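Below is one structure; the comments refer to it alone.
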């Protein structure tokens with residue numbers, strides 16, 4: 001009986017740690033999402049004021065940020 005109780009306690013602890021880690025991961029992902037969205041706004045402003053030769057590079061960065069934001073949003 002003692003062995004089954006110890007096993008149950010281990011499983012509960014693992015579940016608790018997993019839930020706690022997931023909450024921390026979600027909080028970090030949410031913070032990253034805010035930072036990336038701010039960066040996207042700044043990138044769009046920079047695109048508007050960029051020389052024609054720079055616009056292609058800035059547009060690529062904007063697309064990458066949009067893709068990364070969409071991916072991160074799915075995780076949160």
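Observations on the model:
- Computed from Cα atoms, the angle from the helix 2-49 axis to the main principal axis of the chain rounds to 10 degrees.
- Just checking the listed ones, 40, 65, 13: in the Gaussian network model of the chain with Cα springs under 10 Å, the one fluctuating most is 13.
- log₁₀ of I(q)/I(0) at q = 0.16, 0.22, 0.26, 0.31 Å⁻¹ - the range 25-76, Debye sum with one point per alpha carbon: -0.48, -0.74, -0.90, -1.11
- Across the chain, Cα pairs under 8 Å and at least six residues apart give a relative contact order of 38 percent.
- Nearest 10 degrees, 0 to 90: helix 52-75 Cα axis against the chain principal axis: 20 degrees
Bear in mind these aren't lab numbers, they're just calculated from the coordinates by the rules spelled out. Treat the numbers as computed from the prediction; the structure is a model and nothing was measured.
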